[in-house]
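I have placed the structure first, in the form of structure tokens, so that the comments after it can refer back to it.
The values are calculated or read from the model by the stated rules, or taken from the named source; none is laboratory data. Values in this document were obtained by computation on a predicted structure and should not be read as measured data. With ideal geometry, Cβ positions are generated from the backbone for all residues, glycine too; neighbour counts draw on all protein chains shown. We work out accessible area using only protein heavy atoms, side chains counted, and drop any ligands, DNA or RNA first. Shrake-Rupley method; radii C 1.70, N 1.55, O 1.52, S 1.80 Å.
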Amino acid sequence: MNTQDKRAHAAWTQPPPTAEATGSTTLSSQGSAGVGRHPLPALVGLRTSRERAWTPTETILYALGVGAGQRDPAAELRFTTENSTGHPQRVLPTFASVLAADPGRGHRDPAVAGRAGLPRPILHGLCTFGFAGRLLLPLVGDDPTRVRHVRVRFAAPLHPGDTLTVHAWRRPYGVVFRATDGTGRVVLDRGVLAVSAR
């Protein structure tokens, strides 16, 4: 997917009538998409000794892949460059999920999608997760070092070109969120981005 085709914006909205929120925001990103499955019960809490290494290049490519700097290249330099004066490099918190994952080819291979009965490939759920996590950072002080954890339930698939809208409500410990596609269908549910105190 070409990051040039992605667009993101944020706008304050009122929380749903049933939500207990101190504030709400809707963040949209064009062109992001994802799918996820519930983990098998046997995999919940599983620990592994597998080691992974990464360089600044991988973290920069990840940030660009989930839309960092798409509206204003200078706005997120801490994620998209490792050598800009006054902008020490930072890593998006959702990058850790990529290190832990071992995605197969199904989430982007047309042949695999066809065998699964899908009309076209769907994007990996971690792509949606990455977009959502990046868009939520301004609501928690825009400081990735404060993020304690981010979790979400993947609810439905998306396709390239779909619109992803992230709805978030402030809480004392961070934000809770969900994401919908262009038709209003929930694709990410029960999301929590928790932060440490300043």
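Evaluate the following for residue 162: is it free of Cβ contacts under 8 Å to residues at least 40 places away in the same chain and acidic (Asp, Glu)? Judged against the criteria, residue 162 is not a match. In the set (1) at pLDDT 85 or above; (2) surrounded by fewer than 22 Cβ atoms within 10 Å (Cβ to Cβ), residue 150 fails one condition alone, (2).
Filtering segment 135-145 to residues that are open to solvent by less than 10 Å² (accessible area, probe 1.4 Å) and either out of contact with any strand residue (DSSP E or B) (no Cβ under 7 Å at 6 or more places or on another chain) or part of a strand (DSSP E or B) (or both) leaves only 137. Just one of the listed residues (132, 156) is open to solvent by less than 40 Å² (accessible area, probe 1.4 Å), under 18 Å from residue 93 (Cα atoms), among the aliphatic types (A, V, I, L, M) and in contact (Cβ under 8 Å) with a residue 24 or more places away in the chain, and it is 132.
Taken over segment 89-100, the residue count meeting the criterion of being modelled with pLDDT under 90 and either surrounded by fewer than 13 Cβ atoms within 10 Å (Cβ to Cβ) or charged (D, E, K, R) (or both) is 1. Look at residue 57 and say whether it is more than 15 Å from residue 126 (Cβ to Cβ) and touching a helix residue (DSSP H, G or I) at 6+ places or on another chain (Cβ under 7 Å). Here the answer is no, as residue 57 does not meet what is asked. Considering (1) surrounded by fewer than 19 Cβ atoms within 10 Å (Cβ to Cβ); (2) outside any loop (DSSP other than H, G, I, E, B); (3) of a type outside the set (Asp, Glu), the lone condition that residue 184 does not fulfil carries the number (2). Each residue in segment 146-174 was checked for being outside any strand (DSSP E or B) and touching a Phe, Trp or Tyr at 6+ places or on another chain (Cβ under 9 Å), and 0 of them qualify.
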